[in-house]
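One structure is given below, represented as structure tokens, and several questions about it will come after.
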Amino acid sequence: MPPLTVEARLRARVAGGRKLDLEPRGHVTWADMRAWGYERTIAASALRKIILDGETVYPRGVHLRGARVLGPLDLESAELKRHVVLEDCAFDAPVALDRATALRIRFEHCDMAGFTAEKLRATSLELTSSRFLPPPQGGRRGVRLSGARFADQLSVSEAELRDVDEGGVALVADGVRVDGHLSLECVRASGAVWLSGAEIKGDLECSGAGFLGCDKYRSALMADDVRVGGRLVLREARSAIGSVRLMQASIAGELDGVAARFLGADADRDALVAPGIRVDGYVSLRGMKAGGALILSGAEIKGQVNLSFVDSLRANTDGCAVEADGLTVRGGMFLREFTARGAVRLLGSDIALQLDFSRARFTGTNGDGEVVIADGMKVGGKALFRYLRAGGAVRLGGTDIKGGVSFGRAVIAPATPHGEALNADRAVMRGDLSLHSLIAEGPVSLRSATVAGRLDCSYAQLTGVDRHHNALIADGIQVGGHLCLGDRNETTGHIKPLRVRGTVRLVGARINGALRIVTLEMAARHTALDATGARITDELHWLPVSQVRGKVILERASAHRVEDNWDDVCRPRAWWPGEGGLQMAGFTYDGFGGRNRAEYEQRLSWIRCGHIERTKSSPGVFAAQPYEQLARVYKQMGQDTEARQISVARRRDKRKHGKLLRPRRLGSWILDRTIAYGFKTGRMGFLLVAIWAVVFGASCWAQQQDDLVMPIRSVASAKAAPAPLPSPPPPPPTMTRPPMIQPPLIQPAPAQPTPTADHPQKGYPAFAPAAYAVDVAIPVLNLHQAEYWGPNTAAPHGREFAYLTYFCTVAGWLTATMAVVGLTGLARRD
């Protein structure tokens, strides 16, 4: 009796609800399948009849293993009312399930020569571990599942998709709908995989998948507009040529791409293209290696984004390794130990929690020499750039960071000459800004930035400068705490200096704490510190470690106190710059502090550091306000003597260094030598006494000389004139002539003796040398001695005595005038 055919045996097994297993071994290789003969062969038409047989009831469906199917298995538009399970079967022609309706369909570890199931309606479809080769008769189409609907799941896990259509696509599943999971786990696709517009209510599992080819768009996985109700898992997935596209995808769970290897890229050199993606969970690409850029522009991630240990092997055509403009992250974003050969762009992104670039390494830049571009970014927590290694600039212009910002121990080297290392202009940082141990080989720009906490530059090394030799530009910065250009522990004395080789600009800065300057090295040939118009609420600590040779500009600045250390042995002149190196016009402060406070002479030398001697080619530089401010401080401290000395020194230095004409310079010299600009008016009193003493001595000597002092008036004029008698009434008129009366003879008065200085006479004031000296020497007093006595120039030595009185009178007038000028304050006016 001949053996039953495979068809007959299958019908008998299926009728009994049993599986037909033609392979006794547990594992079958592809070579084994190609060696099967007639005894293992069934016609595709016969298999189709068994599958579609409507008369026989198959309680467990059709289950066949180890058979070879000849001819095309055409099930297009068919209605499969029972399960179909084919294991370890070889097909030498395509299988067609287009527009069919079925329950469970399973092709496990089958050797397929083409497979199409477009618009298939089935409970599930499993192509697990199967191999899909091009049909031997030609007509490459790949695996096509476009528009298919599955009530349970779709699995292509561990399959080998070698059949690629003319467009380079191995699996087309555009618009597929799966109510369960879609599994591409460990799939090997020689062409692209298209899932655009797919809707998957469960997970999209692509763990370990290998996308080894690409389509004409250079895409290895095309999943634009895909909707995933669960997770999208790309863990350890690989792409060799093209990119992975998830544009406008929506994922209700997590996006897991841990340890993925997306080494391929598209024409723009983008490896993972996911602009506008929406993920309700986290995004983890930890340990991923990318052959191009990661595009997350406009993405919305409700969890955190983890790009730690990601290695981007090259940048895209824009020079970026990560493009995430407008990214919204409701959690944190982590790029710890991120390695890239391009820039990370986060323009206008919004990160609700922490942003962490700790230990990230950038070996390449974009076209502008930048590695981090985050202008307008918002961060709800801290922004950490600790141990960053960057070969280009970090831009944080206009960012709003609610936590602290740390660049501790970062190394930033600009890619272009005079390029910036860090730019945070107009940034708002609601915590501390730490540049502790930062090594910046380019300038650091913080123009108009706002730091709510402390700005710490301890141990920083700012070795790069811009074209204007600026190393730190912080014009208009607002700091809520201390601004530390270096620091010092007051308890232990431990110094944390700043090393800077360019100018530190703090023009118009507002510092609500102290400004601490503890520097090891500052610019030697240029301006070291420019704090014009700075407002320091607390102290200005000047504690450089070595001599500052560049200019220090404090014009129009203000501080509560100035604290410095005037140790003449170890710190000559407290390391303030030398002549012409300190500009303090308009600098105001309330006092001084420090361990070794300076005497007022030292403070004068401190102020005089701002003088520049005039030469034939250039005028001198002199500012009076620093003297006035210093005198005001000493006066507030109750040290009036020192305040007067400083005021006098101001006028002396102005005469020496100021722009004065010769008349004014002469007047200043006279005021200095006489009344010390009104601060020593008592000198005029002593001078008047001296003049009086000279005149008094001379008068006493002249009194003893014959006729040297003579009366000016006559004795008669010196007497008091009697009062006039009233005239008699006129006689009555008569017609008769009065008798002639002979007038009496007038007898001449007896001659009066002439008074002399040493022999006073009655009726003439006696000569008093003391009073006479008062009249001559002190013009404001009049004792009437000079009205009655004067020198006799005809007597011996009379002319000399007269000249002496004239000279003393003039000297007295000048002395009194200077006293009045000093007492009225006219001498103190400039």
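Give the cross-link partners of Lys656 among the lysines, using a straight C-alpha distance below 24 Å as the criterion and excluding same-chain residues fewer than 8 apart.
Lys551, Lys616, Lys680
Output wanted: per-residue J couplings in Hz (rounded whole) for the range 363-368, from phi through Karplus 6.51 cos²θ - 1.76 cosθ + 1.60, θ = phi - 60°, x for Gly and Pro.
Ordered by residue, 3J(HN,Hα) equals 9, x, 9, 7, x, 9 Hz.
Size of the dipole of the range 600-659 about the Cα centre, Lys and Arg at +1 and Asp and Glu at -1 on the beta carbon, nothing else charged, in debye to 20?
Once rounded to the nearest 20, the dipole reads 340 debye.
About its Cα centre, what dipole magnitude does the chain give when the only charges are +1 on Lys and Arg Cβ and -1 on Asp and Glu Cβ, stated in debye to the nearest 20?
2000
Given Ile646, His657, His611, which one lies farthest toward the positive end of the charge dipole of the range 600-659, if we put +1 on the Cβ of every Lys and Arg and -1 on the Cβ of every Asp and Glu?
It is His657, whose Cα lies furthest towards the positive end.
So how much slack lies between Lys302 and Asp368, counting 0.36 nm per residue of separation and subtracting their Cα-Cα distance, in nm?
The span from Lys302 to Asp368 would gain 20.6 nm if fully extended.
Can you order the peptides 279-291, 679-691, 540-552 by their average number of other Cβ atoms within 10 Å per residue, highest first?
Details: 279-291: 22.2, 679-691: 17.0, 540-552: 20.7.
Ranking the peptides 279-291, 679-691, 540-552 by packing returns 279-291, 540-552, 679-691.
For the chain, give the share of DSSP beta bridges that are antiparallel, in percent and rounded to the nearest 5; count only bridges with both residues there.
5
Give me the dipole magnitude in Debye, nearest 20, for the range 168-283 about the Cα centre, with unit charges on the beta carbon: positive for Lys and Arg, negative for Asp and Glu. Could you put the intermediate results ahead of the total?
Details: 13 positive and 16 negative charges, 50 e Å.
Using only the charged Cβ atoms, the result is roughly 240 debye.
Express the C-alpha Rg of the chain as a ratio against the empirical globular expectation 2.2 N^0.38 Å, rounded to two decimals.
Values: Rg = 54.1 Å, N = 830, 2.2 N^0.38 = 28.3 Å.
Here the answer is 1.91, to two decimals.
List the lysines whose Cα sits under 16 Å from the Cα of Lys49, skipping any in the same chain fewer than 8 residues away.
Straight-distance partners of Lys49: Lys81.
If you don't mind, there's one more thing I want to ask. Once you wrap a convex hull around the alpha carbon atoms of the range 159-227, what is its projected area averaged over all directions, in nm²?
So the Cα hull casts an average projection of 4.1 nm².
Long-range amide H contacts for Glu521: which residues qualify at under 5 Å (H placed 1.01 Å from N, peptide plane, sequence gap of 5 or more or a different chain)?
Val500
Projected onto the charge dipole of the chain (+1 at Lys/Arg Cβ, -1 at Asp/Glu Cβ, origin at the Cα centre), which of Phe385, Pro769, Val143 gives the Cα projection farthest towards the positive end?
Pro769
Expressed in nm to one decimal, what extension gain is obtained for the pair Glu800 and His469 from 0.36 nm per residue of sequence separation less their Cα-Cα distance?
Contour length minus Cα-Cα distance gives 111.9 nm.
Apply the membrane-span-like helix rule to the chain: whole DSSP H runs, Cα extent along the own long axis of at least 20 Å, mean Kyte-Doolittle hydropathy at least -1.0. List the helices found.
Details: long enough: 640-657 (25 Å, -2.04); 682-703 (31 Å, 1.37); 798-823 (37 Å, 0.99).
Passing helices, by number: 682-703, 798-823.
Can you compute 3J(HN,Hα) from phi for each residue in the range 477-486, using the Karplus curve 6.51 cos²θ - 1.76 cosθ + 1.60 with θ = phi - 60°, rounded to whole Hz and x for Gly and Pro?
Residue by residue, the range 477-486 yields 5, 10, 10, x, x, 7, 10, 10, 8, x Hz.
Here is a follow-up. How do Thr463, Thr674, Thr317 rank when sorted from fewest to most other Cβ atoms within 10 Å of their own Cβ?
Fewest-to-most ranking of Thr463, Thr674, Thr317: Thr317, Thr463, Thr674.
Right, here's the next one. Counting other beta carbons within 10 Å of each Cβ, put Thr532, Thr399 in order, fewest first.
Numbers: Thr532 20, Thr399 24.
By the 10 Å Cβ count, ascending, the order reads Thr532, Thr399.
A further question on this structure: Give the span of the range 431-476's Cα atoms along each principal axis, as three whole-Å numbers ordered largest to smallest.
Over the range 431-476, Cα extents along the principal axes are 30, 23, 9 Å.
Sticking with this structure for a sec: Check Val143: other-chain or 5+ apart residues with amide H under 5 Å from its amide H, H built from backbone geometry?
Counting only residues 5 or more places away or on other chains, the set is Leu171, Val172.
What is the distance in Å between the Cα centres of the range 59-107 and the range 166-194?
What the calculation gives is 20 Å, centre to centre.
Oh, and also: Mind checking which of Trp30, Met637, Gln785 is farthest towards the positive end of the chain's charge dipole, using Cβ charges of +1 (Lys, Arg) and -1 (Asp, Glu) about the Cα centre?
Selected residue: Gln785.
Bin by bin, in steps of 5 Å, what percent of the Cα pairs in the range 600-659 do you find, going until the bin that has the longest distance?
Bin by bin from 0 Å, the calculated values are 4, 20, 30, 21, 12, 7, 3, 2, 0.
Can you put Thr5, Thr116, Thr492 in order of Cβ neighbours within 10 angstrom, beginning with the fewest? Each step should come with its number before you reach the end.
Details: Thr5 15, Thr116 18, Thr492 7.
Arranged by neighbour count, lowest to highest, Thr5, Thr116, Thr492 become Thr492, Thr5, Thr116.
Another one. Take the cross-link list Lys289/Lys378; Lys216/Lys378; Lys201/Lys302 and give me the ones stretching past 30 Å between alpha-carbons.
Those over the limit are Lys216/Lys378.
Under the rule of -39500 (n - 2.57) per DSSP H run of 4 or more residues, summed and divided by the residues of the chain, what mean residue ellipticity at 222 nm is obtained, to the nearest 500 deg cm²/dmol?
Dividing the helical sum by the residues of the chain leaves -5000 deg cm²/dmol.
Moving on to the next point. Using alpha-carbon pairs under 8 Å, 6+ residues apart, how would you state the relative contact order of the chain in percent? Kindly include the intermediate steps, with their values, before the conclusion.
Numbers: 2534 pairs, mean separation 28.3, N = 830.
After rounding, I find 3 percent.
Taken together, the values in this text are just the output of simple stated rules run on the coordinates, not laboratory data. Bear in mind the structure is a predicted one, so any value in this text is a computation, not a measurement. With ideal geometry, Cβ positions are generated from the backbone for all residues, glycine too; neighbour counts draw on all protein chains shown.
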